[in-house]
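Q: This is the structure I have questions about; it appears just below.
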Amino acid sequence: MNQRIVRFATVTGRPIIPTTLYTVNHRNHPFFSEWRQVAPGELAIRYPKEVPFGIAALWEVPGFGRVIVTADDEGRHYRLGEGAPLDFRAEAAKSKAARVRRRLSELAQGGDASPEGLVERVEAASRRLRALNLAPAGSVATAGLLGEGTTMRPEASSGGESPRSEGIARALDEILSSLFWAGEEIELAKARADIARMSRQERRIKLFGSSFFDPSAPQAYLHRFAELFNFATIPFYRRQVEPVEGEPDWATRDRLLDWLDEQGIARKGHPLSWWIEHGLPDWMKRLSYKTLKEVVYRQVFETVSRYKERVKTWDVINEAHDPIVKGNDLNLSRDQVFEITELACRATREADPEAVRILNINRPWGVYRSEWEMMDPMHAIEYLEELADRGIEYEIIGVQNYHGGPEHYVHDMADQSALIDRYLALGKPVHITEVQTPSSMETDPSKWLGGRVAPSGWWHRPWDPEVQADWAEQFYTIAASKAGLGAITWWDLSDRRTFWPHGGLLDEHDQPKPAYYRIRQFVRAFRGEEPGGFADSSEG
């Protein structure tokens, strides 16, 4: 049969199956493949929608975290029907080593210096990997990886124990962990150097914000918001604005804007059009498509016209590619999705020629593509590319970037940096419009999809307030260093309001967590308001 078998086991050789497992193409876009278990800890990949492919799994890397790990035959990718079963741990270690070396080479060619001793450490890990004399992907495999944590040995496929194989597996774990740490160190060093090269003016125009939905919020919340942020996202969900057709209620939005005016905080309206339950009045679900287009144009034009002196930036469309995946409450076809996207962008421009239009995408890694075959869903990048092909005009790409909660798996900072670069490569400025990670591993049933954290992984160690703070500081450093990235919005400031489990920078009582202080320190140093390691920037 035309298939490819992959082995998974713990470090001691116990067969396991990763809870999250999918194939990716050469662009690192997930896609559908059929997986069949053929033996304990052995899965056959059959009928992949694309060939060649890489293999991604949520995998515990000892000493680093439980994160998405990708094996891709050192960048060559795998094909069906070639060779003996692949051992995931060995393939992951070889592939990660190749990626880290390529990244070091890219930066060296661009004139970026690596941290002292880092190149030597990566080379030492690579030499150690070669010394294990692992079989190539097309021949008999050797050691393994870890799914709740680990891998299998070649001799252990049928249950035999082997100290030699366990030693190889442990060595691979150590190598993989060191390479993950090195990959993050590379990206942080580059980010800090890039920030140091920015002029103060370049830094000061960056926006750091949060959602701001409650004009009656406690004073502690309002104080913390104004202390940290220079940018606010305010709600224009049509379900709230126009629950009854033709009777819009602008009062809450006016009160929010009044407070932002007092504080001198920039603002964005979110969203002008969204086609699922949270953003859609019931009466709109019953409209014919012809009438729906008339209504959407009227709503967008009316809203932007009313607020064009107070709001210049808009999330025009929210998550439009996602309804293509799972269906939507308007039952729009793919062509209709693009037609209404164009209509909303045009209505915004006609209402305010100076408006800045953002198309806001969610689930930017595209893992949902691995879950569907018949619908053949688009990756968010493919959606944005088709917008360009169709000539649909807008100004900014908005990217949501949630982690460590339901259906949003954890990636390391090297992946985070590469993801932002992939969206910037589309040729438009990027805003991180929504980002959150948890501060606890506990399930919070009051949050989205039951608020389970553990199944989506953890970074460096299981989530706690200090880990959240470390993650936030590193993510902000990398994201803010990108020349084309104009804004980062944490969603939401407080656990009292957020839908993401333990995702606020403030707790349920609006008291700051460590992440609040860490982001505040970073932002002040970034803007040059206090010392913080970025003092070498030019004054240009």
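Q: Considering only segment 303-422, give the helices (runs of 4 or more DSSP H) lying wholly within it that have at least 2 residues that are closer than 25 Å to Lys268 by Cβ, β-branched (Val, Ile, Thr) and in contact (Cβ under 8 Å) with a residue 60 or more places away in the chain. Give the derivation first.
A: Working: elements: 321-326, 334-351, 380-389.
Once the helices (runs of 4 or more DSSP H) in segment 303-422 are filtered for at least 2 residues that are closer than 25 Å to Lys268 by Cβ, β-branched (Val, Ile, Thr) and in contact (Cβ under 8 Å) with a residue 60 or more places away in the chain, what remains is 334-351.
Q: Considering only residues that are buried (at least 20 other Cβ atoms within 10 Å of the Cβ) and of a type outside the set (Val, Ile, Thr), which ones fall in segment 417-439? Break it down into steps so the answer makes sense when it comes.
A: Filtering segment 417-439 for residues buried (at least 20 other Cβ atoms within 10 Å of the Cβ) gives 417, 420, 423, 430-439.
Ser417, Tyr423, His431, Glu434, Gln436, Pro438, Ser439, listed by residue number.
Q: Next up: Given (1) aliphatic (A, V, I, L, M); (2) assigned to a loop (DSSP other than H, G, I, E, B); (3) touching a residue at least 60 places away in the same chain (Cβ under 8 Å), identify the lone condition not met by Val67.
A: Answer for Val67: the failing condition is (2).
Q: May I ask you to list pairs of residues, at least six apart or on different chains, whose Cβ atoms are under 6 Å apart, with the first in segment 498-510 being touching a residue at least 40 places away in the same chain (Cβ under 8 Å) and not assigned by TED's automatic domain parsing to the domain that holds Gly457 and the second being crowded, with 21+ Cβ neighbours inside 10 Å and in a loop (DSSP other than H, G, I, E, B)?
A: Taking only residues 6 or more apart or on different chains, not a single pair turns up.
Q: Take the residues in segment 1-35 that are assigned to a loop (DSSP other than H, G, I, E, B) and β-branched (Val, Ile, Thr), then tell me which one is farthest from the chain's Cα centre (by Cα). I'd like the intermediate steps shown before the answer.
A: Filtering segment 1-35 down to residues assigned to a loop (DSSP other than H, G, I, E, B) leaves 1-2, 8, 10-14, 16-20, 25-29, 32-33.
Next, only the ones that are β-branched (Val, Ile, Thr) stay: 10-12, 16-17, 19-20.
Numbers: Thr10: 28, Val11: 29, Thr12: 33, Ile16: 27, Ile17: 24, Thr19: 19, Thr20: 16 Å.
Filtering first and then ranking leaves Thr12.
Q: Still on this structure, I have one more. Go through (1) modelled with pLDDT under 95; (2) within 25 Å of Thr313 (Cβ to Cβ) and name the single condition Gly160 misses.
A: Of (1) modelled with pLDDT under 95; (2) within 25 Å of Thr313 (Cβ to Cβ), only one is false for Gly160: (2).
Q: Would you call Lys49 assigned to a helix (DSSP H, G or I), more than 21 Å from the chain's Cα centre (by Cα) and either touching a residue at least 60 places away in the same chain (Cβ under 8 Å) or at negative phi (or both)?
A: Considered against the rule, which asks whether it is assigned to a helix (DSSP H, G or I), more than 21 Å from the chain's Cα centre (by Cα) and either touching a residue at least 60 places away in the same chain (Cβ under 8 Å) or at negative phi (or both), Lys49 comes out as no.
Q: Kindly provide the set of residues from segment 468-508 that are part of a helix (DSSP H, G or I) and of a type in the set (A, V, I, L, M), ordered by number. Write out each step before concluding.
A: Within segment 468-508, the first condition is being part of a helix (DSSP H, G or I), and the residues that meet it are 468-480.
Answer for segment 468-508, where residues must be part of a helix (DSSP H, G or I) and of a type in the set (A, V, I, L, M): Ala469, Ala472, Ile478, Ala479, Ala480.
Q: If you check Ala56, Ala44, which single one turns out to be within 23 Å of Ala414 (Cβ to Cβ), assigned to a strand (DSSP E or B) and either within 24 Å of the chain's Cα centre (by Cα) or not assigned by TED's automatic domain parsing to the domain that holds Trp365 (or both)?
A: On the way: Ala44 fails: within 23 Å of Ala414 (Cβ to Cβ).
That would be Ala56, the only listed residue that is within 23 Å of Ala414 (Cβ to Cβ), assigned to a strand (DSSP E or B) and either within 24 Å of the chain's Cα centre (by Cα) or not assigned by TED's automatic domain parsing to the domain that holds Trp365 (or both).
Q: Let me ask something else. What number of residues in segment 237-265 are surrounded by fewer than 16 Cβ atoms within 10 Å (Cβ to Cβ) and either acidic (Asp, Glu) or not in a helix (DSSP H, G or I) (or both)?
A: Qualifying residue count, segment 237-265: 12.
Q: Answer yes if at least one residue in segment 12-23 is at pLDDT below 95 and buried (at least 18 other Cβ atoms within 10 Å of the Cβ), and no otherwise.
A: Yes, the conditions are met somewhere in segment 12-23.
Q: Please list, ordered by first then second residue, the pairs with beta carbon atoms under 7 Å, 6 or more apart or interchain, first in segment 430-449 and over 9 Å from Val399 (Cβ atoms), second at pLDDT 95 or above and among the charged types (D, E, K, R).
A: Hits for this filter: Ser439/Asp464; Ser439/Lys513; Ser440/Asp464; Thr443/Arg452.
The values are calculated or read from the model by the stated rules, or taken from the named source; none is laboratory data. Predicted model, so just to flag it, every value in this text is computed and none were measured. Note: ideal-geometry Cβ built from the backbone for every residue, glycine included; neighbour counts use all protein chains shown.
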